[in-house]
Amino acid sequence: MKRLMKDSGGFALFSAIFILVVLAALGAFILNISSSQQIGSALDVQGVRAYQAARAGVEWGLYRQLQGGSCVATTNFVPTASTLSGFTVSVTCVGTPDANGGPTIYTVTATACSQPNAGACPNTVNPGALYIERRLTVTF
């Protein structure tokens, strides 16, 4: 009986080390999932901000055309709102005259992005891993 108790002493140490390793792996897995969720949530918020910046660009283009009568080919600007200041908006307006003498049809396209290339969107040259872009088009 004494010999049986002496041989089982190493089993408890092995079990404790195994449980610690499994718990450490589980903790690392939970930490990885949590940080992925945080990054995804932050990118969702940035996507909504990019959409609002593009919407501001469309409204600006519509205002320029309807009030001033000028359809500017392409304009780039940074929104002044503090929540949208990380984005650059490129607004393009194209007027297409009707072939039968009808009204001119205007198309305003606003592209908002978080990492512009040479001050313009979209960035097709070197977008980073956290690049956000939204594009809205209005025809009137």
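The values are calculated or read from the model by the stated rules, or taken from the named source; none is laboratory data. None of the values given here were measured: they were computed from a predicted structure. Methodologically, a virtual Cβ is constructed for each residue, glycine included, from the backbone with ideal geometry; neighbour enumeration extends over all protein chains shown. Quick note on the areas: whole protein, heavy atoms, side chains included, nothing else; ligands and nucleic acids left out. Shrake-Rupley method; radii C 1.70, N 1.55, O 1.52, S 1.80 Å.
Based on Cα contacts under 8 Å between residues 6+ apart, the range 36-93 shows a relative contact order of 34 percent.
Take every Cα-Cα pair in the chain and report what % of them are more than 27 Å apart. Cα-Cα pairs in the chain separated by more than 27 Å: 49 percent. Mean residue ellipticity, 222 nm, helices only, the chain: the sum of -39500 (n - 2.57) across DSSP H runs of n ≥ 4, divided by residue count and rounded to 500, is -16000 deg cm²/dmol. Structural size metrics of the range 85-135, computed from C-alpha coordinates, are Rg and Dmax of 15.0, 48 Å. Considering the options PRO103, LEU62, LEU130, tell which one lies farthest towards the positive end of the dipole of the chain, charges being +1 on Lys and Arg and -1 on Asp and Glu at the Cβ, about the Cα centre. My answer, from the dipole projection, is LEU130.
With all pairs of separate Cα atoms included, the range 44-104 yields a Kirkwood hydrodynamic radius of 12.9 Å. Rounded to the nearest 20 debye, the dipole magnitude of the chain is 640 debye, with +1 charges on Lys and Arg beta carbons, -1 on Asp and Glu beta carbons, and the Cα centre as origin. Solvent-accessible surface of protein heavy atoms, probed at 1.4 angstrom with all chains present, puts ASP98, ASP44 in the order ASP44, ASP98, largest first. At a Cβ-Cβ separation cutoff of 4.7 angstrom, no cysteine residue of the chain is without a neighbouring cysteine. If I compute solvent accessible area with a 1.4 Å probe over the protein chains, what percent of it on the range 13-133 is carbon and sulfur? C and S fraction of accessible area: 63 percent. Here the range 27-68 is treated as an ellipsoid with the same Cα gyration tensor; its semi-axes, largest first and in whole Å, are 41, 4, 4.
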